[in-house]
Every structure is written in structure tokens, then in C-alpha cells.
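Read the structure below first, then the notes.
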Amino acid sequence: MGKNIQVEIRAEEESAQEFVKAWRRAEAGKPAKAPVERLYFQDLGTLLQVLTPRRLELLKALHEAGTESVRSLARRLQRDYKNVYNDAQALERVGLIVRGGQWGRSWGPMGTFLIF
């Protein structure tokens, strides 16, 4: 869990320009900048659709406890198991948490995330 993940709202054109700049930098033989983990959303609506208040609560719980099972999280957060599981899957799809433990039944945070 030692990395930072920047969560930003950025249009496709801006993301593409960032890639082009990095490519040109490499072509010119300049050293690469230090890699930064980023998660871009096209607009605020999309960000809020993925990072709902309940999912943010789930992320906070995982950061406090580390790796934890869905059943344990559901109990601790006083939420339905299926809803916690669905939220965990959504957060895994965007790369904010990862499965671990025996048989992949536990979830843990990928890092600290910063929203810009």
C-alpha cells in the first residue's frame, strides 16, 4: 500500500496530450519523469458515479484496517454483504483496491488516493 494514486477529472484530449509529451520526451532521449499512478475521469458526473459516498466509506475502512474480507467489512460498516461486494468489485475495476488473501476472498487498498 505504499503508493499514491491521483484521482483527477481530465478530458480525453488532455490525457492524450500527456501521452504525446511523454512519447516526444522519450524520442528526444530525455530521461523519463518519475511514474505517477493516475485515475482519470472524464467529468464530475462520472467520478461521482464511481466514487459514491458508500464506496468512499469502504475505501476509508480498508485504509484503516488493511486487508479485510467482504463479510467482515459488511459487518463493520453495517451494510448488506451483496452491496459491499458489488462496491468492492467496482473499486477493483478502477484499480483502487485489490483482492488478496487465501482464494482471493479479502480486499485491500492499492494505495493512498488523492483527489484533484
Quiz prompt | Charge context of Glu18, other residues only, Cβ under 13 angstrom, K/R +1, D/E -1 | solution = +2
Exercise. List every residue whose amide H lies under 5 Å from the amide H of Ile5, counting only residues 5 or more places away in sequence or on a different chain, with H placed 1.01 Å from N in the peptide plane.
Key: Thr112, Phe113, Leu114
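Could you give the length gained by full extension between Ala34 and Asn83, i.e. 0.36 nm per residue of separation minus their alpha carbon distance, to one decimal place? Numbers along the way, then the final one.
On the way: separation 49, 0.36 × 49 = 17.64 nm, distance 3.72 nm.
Fully extending the segment from Ala34 to Asn83 adds 13.9 nm.
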Quiz item: From the backbone phi of segment 4-12, what are the Karplus-calculated ³J(HN,Hα) couplings (6.51 cos²θ - 1.76 cosθ + 1.60, θ = phi - 60°) in whole Hz, Gly and Pro given as x?
Solution: 9, 10, 8, 9, 9, 9, 8, 5, 4
Practice problem: Please compute the net charge surrounding Arg54, taking Lys and Arg as +1 and Asp and Glu as -1 over other residues with Cβ under 11 Å from its Cβ. | Solution: 0
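Of the listed peptides 84-97, 28-41, what is their order by residue-averaged count of other C-beta atoms within 10 Å, with the highest listed first? Each step should come with its number before you reach the end.
Working: 84-97: 18.1, 28-41: 10.6.
Descending mean neighbour count gives 84-97, 28-41.
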Self-check item: Qualifying aspartates and glutamates (Cα of each under 20 Å from Cα of Lys60; at least 8 residues distant if same chain)
Solution: Glu8, Glu37, Glu68, Asp80, Asp87, Glu92
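None of the figures in this text is laboratory data; all of them are computed from the coordinates on show. This one's a predicted model, so the numbers in the text were calculated from it and none came from an experiment. Counting neighbours? That spans all protein chains shown, and the Cβs are built from the backbone with ideal geometry, glycine included.
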